[in-house]
Structure formats: C-alpha cells, structure tokens
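These notes concern the structure reproduced below.
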Amino acid sequence: MNNEKKILLGITSGIAIYKVVDLCSRLVKAGYEIEIIMTENATKMISPLVFETISRGKVHTDMFHSGHHEEVEHIEMARRADLFLIAPTTVNTLAKIANGIGDNLLTSTVLAYDKTVMLALSANTKMIENPATIENINKLQDRNFEFINSKSGMLACNNIGNGRLAEPEEIFERVEDYFVEKDLKGKNIIVTAGPTREDVDPVRYITNRSSGKMGFAIAKKAFQRGANVTLIHGDCKVSPPYGPENIRINYNHELKSEIEKRFDDADCLIMAAAPCDFRVEKYSENKIKTKNNLILNLVENEDILKYFGEKKKEQMVIGFAAETFDLHENALKKLESKNCDYIIANDVSSSTSGFDVDDNKVSIISREDTIDMPLMPKIQVADEILDLI
Ligand code: CTP
C-alpha cells in the first residue's frame with residue numbers, strides 16, 4: 001500500500017470532472033492520502049462534498065476564507081504533497097500556470113510547489129489545438145511538469161476529436177508509475193506476450209490458451225521502472241498496459257519481424273509470448289466442408305526465441321518454458337538449445353498458476369542457478385524477472 005504517499009489533487013471545471021470521482025476512489029483504495037483543491041468553477045459542477053466523502057480528506061476551495069491562522073494554506077499544502085496532480089486541467093488553468101499567474105488557491109499552490117506537477121488535459125479540440133495552448137504546453141514541458149495527454153473521441157460538445165480526459169485507469173497508472181524507482185532508465189526492452197495464430201481456412205485458425213497476462217505484467221513493470229518498452233502481442237484476453245509502445249500482431253512471422261526491427265538496439269528481449277508451434281501444411285483458400293475424421297497435416301514453425309538467442313550479441317535474452325512434467329530438466333534443455341540467458345519455467349498443468357490466471361509459480365533458471373519462487377501475483381513475478389536485467 002502507498003499510505004506514506006500524499007497526493008494533492010487539483011480539480012478544475014472541465015466537463016470530464018465526473019471521471020475524477022472514480023479516479024479519486026481508486027487512489028484512496030490504493031492507500032494514497034488525498035488532499036483536494038477545487039477551483040470555484042469546479043464546485044459549480046460537482047459539490048465538494050462528493051470529493052470530501054470519497055477522498056476522506058479535506059477539500060479546499062477558497063484562498064481567503066477565515067479560520068486558519070497558524071499556517072499559510074497554499075504553502076503548507078505544497079510542502080506536504082509528494083505529487084501534485086491536476087485533473088481535469090482546463091486550458092485556462094494551463095495558461096495561468098504557464099505564465100506564472102496565481103489568482104486562486106489552485107494556481108497559487110502550483111507556484112509554491114517545487115516537485116512534479118502532473119497535468120491531465122481536457123477541452124474541446126479547437127481549444128486544445130489552439131496555438132496559444134500548444135505554446136503553453138511547450139513552455140511547461142521544459143519545466144517540472146508531466147502531461148497526461150487528452151484522447152480522441154466523442155466530446156461533450158458533440159464533436160469527435162482530440163480533447164477527452166484520459167480514463168481514470170490511465171491517470172491512476174501514471175500516478176503509480178511516478179512513485180516507482182526508475183532503476184531501468186535508459187534500457188530498451190522488448191516484451192512479447194499472448195498467443196499467435198495459424199489460419200486453417202478463411203474462417204478457422206489454430207491458437208493456444210495464452211492470455212497475455214504474464215507478458216503484460218512484465219511490460220507494465222518495466223515501463224514503471226523507467227525502461228523504454230516495446231510490447232509485441234497477439235490477441236489477448238486483457239487490455240495492454242498504458243505506457244509501452246504497443247504492437248499488435250497475429251502471426252509468427254509478424255512477431256519475428258517486429259522483434260527484428262528493434263533487436264539490434266535492445267538491451268533485453270523477454271519472450272513471454274506463446275507462438276504457435278505448428279501451422280497447417282497447406283492453407284485452404286476455401287472453407288473446408290464439414291466431414292468426419294478431418295485430418296490436418298501440421299508442420300513445425302520456426303523457433304523465434306532460438307533465432308534471437310543465436311543472433312544475440314550484448315542483449316540479454318529471457319525465454320519462458322511452459323511445461324506439464326519434468327519442469328527443471330525440460331527448462332534447462334530449452335535454455336541450452338535456444339541459447340538464452342535465463343528461462344522462466346512454469347508448470348502449466350496447475351489450475352492456480354500459469355495460463356489465464358493472475359498468479360504464477362515460476363522457477364528462474366540460468367546456467368549457474370535455479371531459483372524456485374513461491375506462488376505470487378504475476379505483477380510481482382514480473383519484478384523478480386526484471387531484477388535479472
Ligand atoms: N517460442 C518461440 N517460437 C516458437 C515457440 C516457442 O520463440 N515457435 C518461445 C516462447 O516464447 C517461449 C519459449 O520459446 O519463450 C518456450 O516455449 P514453450 O512453448 O515452452 O516450448 P517450445 O519451445 O514450444 O517447446 P515444447 O512445446 O516442445 O515444450
């Protein structure tokens with residue numbers, strides 16, 4: 001839990017303010033201590049009482065209210081916070097911040113704050129793309145400000161375009177990222193995840209049970225720890241994490257060529273994907289008619305991990321081994337035959353770990369050592385794997 005961390009949440013009068021109720025609830029549940037400043041216009045859209053109740057903290061709205069004497073409120077709030085997040089940030093508040101204006105409690109506190117301020121922007125497309133707004137964003141990019149960019153979609157003004165506030169999940173993840181130590185900064189990491197597929201005819205294909213959860217967890221953690229992450233993945237059951245470069249593929253050849261484009265510059269390749277081991281010998285251009293005892297001839301696919309294991313120079317190559325018996329022996333064979341630095345072995349016959357669940361029980365195998373890890377959430381397994389880099 002993050003109960004040591006204090007977040008100062010600034011709320012301005014964007015129509016997307018309703019999303020911030022959800023965001024606030026997520027932050028509280030994750031253990032952050034929240035203190036809130038709402039602009040006067042924001043209080044016309046949602047009552048401070050809503051945020052007071054959800055955040056279980058104070059909501060400040062007025063710079064000049066009576067009843068506080070010992071502390072100068074905006075200076076003290078700025079001192080207390082570990083992160084200052086403003087969501088939504090209207091382009092008006094953005095403009096004031098960019099120009100050093102402190103005409104209300106929120107903007108005055110920004111002036112008194114010397115750590116990172118995160119600005120989650122939202123406005124109508126024309127307002128977001130106005131040269132004045134762009135100039136203001138550029139100005140702040142050189143200072144201690146981080147942006148959570150607005151997204152494209154249907155806007156409150158009924159237009160479709162850029163300007164939607166990022167979803168609460170994304171803003172929450174950006175907050176979480178901020179507090180993780182950036183010990184992988186400067187590292188280029190390629191992570192593969194999920195299944196590939198092999199087409200049989202125009203309507204059918206073969207694939208496997210990989211959910212992508214393990215690879216996604218590794219990509220998310222690597223990004224949080226400051227690495228430049230490319231996540232290459234097949235059709236997965238969960239949404240890819242925010243942050244990494246996200247490349248969606250279907251077939252083994254696409255997986256290989258996307259890795260190939262980046263491999264020379266990579267520090268590490270982590271192959272958590274489950275590429276199809278076989279393809280049909282002959283793809284049928286027409287839909288195969290239903291019949292009894294249909295026999296499909298399958299031929300072996302190229303081993304992508306082996307290809308990059310043999311190609312590697314300075315890169316660290318980490319593979320997975322999904323096994324149902326003789327876990328250690330089979331994994332060690334894969335380590336050797338695919339020339340990996342590490343193999344992460346997991347027993348996929350268990351229903352509590354491996355395929356399609358949130359936990360995993362793995363053994364980390366190198367030429368020197370075998371470490372058997374206990375059952376733990378995949379996100380924690382991800383950290384153990386990344387510690388190898
Ligand atoms: N892998 C790969 N290309 C393939 C098959 C597997 O790159 N065509 C990689 C996987 O991403 C994983 C590792 O090889 O990192 C081991 O995959 P696994 O399915 O456990 O074993 P296989 O090598 O396919 O061998 P087997 O199915 O015989 O256990």
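The values are calculated or read from the model by the stated rules, or taken from the named source; none is laboratory data. Keep in mind it's a predicted model, so treat the numbers as computed, not measured. All Cβ positions, glycine included, derive from the backbone under ideal geometry; neighbour counts span all protein chains shown. Accessible surface is based on the protein model in full, side chains and every heavy atom, while ligands, DNA and RNA are left aside. Shrake-Rupley method; radii C 1.70, N 1.55, O 1.52, S 1.80 Å.
The single condition among (1) crowded, with 17+ Cβ neighbours inside 10 Å; (2) in a loop (DSSP other than H, G, I, E, B); (3) away from the ligand (no atom under 12 Å from the Cβ) that Glu368 does not meet is (1).
Taken over segment 371-387, the residue count meeting the criterion of being open to solvent by 40 Å² or more (accessible area, probe 1.4 Å) and within 25 Å of Pro240 (Cβ to Cβ) is 7.
For Ala345, are the conditions met, namely being within 17 Å of Val191 (Cβ to Cβ) and in the same structural domain as Ile259 (by TED's automatic domain parsing)? When the stated conditions are applied, Ala345 does not pass them. Considering (1) outside any strand (DSSP E or B); (2) within 13 Å of the ligand (Cβ to nearest atom); (3) in contact with a strand residue (DSSP E or B) (Cβ under 6 Å, 6 or more places away or on another chain), the lone condition that Ser284 does not fulfil carries the number (2). Close Cβ contacts (under 8 Å, 6 or more residues apart or on different chains) running from residues in segment 305-319 that are under 19 Å from Pro275 (Cα atoms) and touching a residue at least 40 places away in the same chain (Cβ under 8 Å) to residues that are away from the ligand (no atom under 12 Å from the Cβ) and among the aromatic types (Phe, Trp, Tyr) comprise Phe308/Phe263; Lys311/Phe263.
All conditions in (1) within 13 Å of the ligand (Cβ to nearest atom); (2) surrounded by 12 or more Cβ atoms within 10 Å (Cβ to Cβ) hold for Ser353, with the sole exception of (1).
Quickly run through segment 301-326 and pick out the residues that are open to solvent by 80 Å² or more (accessible area, probe 1.4 Å) and either more than 8 Å from the ligand (Cβ to nearest atom) or of a type in the set (Ser, Thr, Tyr) (or both). Answer for segment 301-326, where residues must be open to solvent by 80 Å² or more (accessible area, probe 1.4 Å) and either more than 8 Å from the ligand (Cβ to nearest atom) or of a type in the set (Ser, Thr, Tyr) (or both): Glu310, Lys313, Glu314, Thr324, Phe325, Asp326. Scan segment 241-281 for residues that are part of a loop (DSSP other than H, G, I, E, B), out of contact with any helix residue (DSSP H, G or I) (no Cβ under 9 Å at 6 or more places or on another chain) and within 13 Å of the ligand (Cβ to nearest atom) and the total you get is 2. Within segment 333-348, the set of residues being farther than 19 Å from Pro374 by Cα, in contact with a strand residue (DSSP E or B) (Cβ under 6 Å, 6 or more places away or on another chain), open to solvent by 10 Å² or more (accessible area, probe 1.4 Å) and more than 9 Å from the ligand (Cβ to nearest atom) comprises Asp341 only. Just give me the residues in segment 121-152 being open to solvent by 80 Å² or more (accessible area, probe 1.4 Å), more than 16 Å from Ile86 (Cβ to Cβ) and in a loop (DSSP other than H, G, I, E, B), in sequence order. Scanning segment 121-152 gives Glu129, Asp142. Asn293 fulfils the conditions (1) modelled with pLDDT of 95 or more; (2) more than 7 Å from the ligand (Cβ to nearest atom) except for a single criterion, (1).
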